[in-house]
Amino acid sequence: MIFKYLILIFLFFSCASKIKAPDPVSMPPTKNSRPDLVQKTIFSMGLMTEYEVWEFLRDNPSESSVLENLGLPDSVWLSDNDSTKFLYYFIDQIQDYNLIEVNSKTNNVSGFEWD
């Protein structure tokens, strides 16, 4: 009798679907973590004003486009539920951090605070 229950339990658990682990979120490097990747950008050369940055971010560009135009961030954080990446840029002239929120799933800008 016990043998029948063991076979039923074995069949039940062997047919159960596997739990998929969520895909890991890829984080962009920072200026400190990868100084070899720091390059001059349109923004760092002063060819893009703060207003133009704001207009650029308003169009919800991709993360790669942000990194190409603004350069590597000074620091990067991931939200608790892994849904949003926060890219922080320190602007030396005004001694202020500016924030860009990037959706982890789409890798597009989902929000920003740029002074």
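The values are calculated or read from the model by the stated rules, or taken from the named source; none is laboratory data. What you see is a predicted model; the values in this text were computed from it and never measured. Here the Cβ is made from the backbone with ideal geometry for all residues, glycine too, and neighbour counts use every protein chain on show. Protein only, heavy atoms only, side chains kept; ligands, DNA and RNA dropped before computing areas. Shrake-Rupley method; radii C 1.70, N 1.55, O 1.52, S 1.80 Å.
Observations
- Test: Asn98 is in contact with a Phe, Trp or Tyr (Cβ under 9 Å, 6 or more places away or on another chain) and of a type outside the set (Gly, Ala, Ser): yes
- A Cβ distance below 9 Å, combined with a sequence gap of six or more or placement on separate chains, defines the contacts here; from the range 34-45, residues that are polar (S, T, N, Q) reach residues that are open to solvent by 80 Å² or more (accessible area, probe 1.4 Å) in the pairs Thr41/Leu47; Thr41/Glu68.
Rundown of residues vs (1) open to solvent by less than 80 Å² (accessible area, probe 1.4 Å); (2) touching a Ser or Thr at 6+ places or on another chain (Cβ under 7 Å); (3) more than 25 Å from Asn107 (Cα to Cα); (4) modelled with pLDDT of 90 or more, yes/no style:
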{"site": "Tyr5", "(1), (2), (3), (4)": "no, no, yes, no"}
{"site": "Leu11", "(1), (2), (3), (4)": "no, no, yes, no"}
{"site": "Asp36", "(1), (2), (3), (4)": "no, no, no, no"}
{"site": "Gly46", "(1), (2), (3), (4)": "yes, no, yes, no"}
{"site": "Thr49", "(1), (2), (3), (4)": "yes, no, no, no"}
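- Any hit, the range 4-21, residues being in a loop (DSSP other than H, G, I, E, B) and under 18 Å from the mean Cα position of the chain (by Cα): no
- Out of Asn98, Asn69, sole residue that is among the polar types (S, T, N, Q), out of contact with any Pro (no Cβ under 6 Å at 6 or more places or on another chain) and either open to solvent by 40 Å² or more (accessible area, probe 1.4 Å) or not in a helix (DSSP H, G or I) (or both): Asn98
- Residues (under 17 Å from Glu50 (Cα atoms) and either part of a strand (DSSP E or B) or in contact with a helix residue (DSSP H, G or I) (Cβ under 6 Å, 6 or more places away or on another chain) (or both)) located in the range 73-95: Leu87, Tyr88, Tyr89, Phe90, Ile91
- Criterion violated by Glu55 - all others in (1) under 18 Å from Val109 (Cα atoms); (2) of a type outside the set (Phe, Trp, Tyr); (3) modelled with pLDDT under 90 satisfied: (3)
- Residue, surrounded by the fewest Cβ atoms within 10 Å (Cβ to Cβ), within the range 53-66, restricted to residues that are touching a strand residue (DSSP E or B) at 6+ places or on another chain (Cβ under 6 Å) and polar (S, T, N, Q): Ser62
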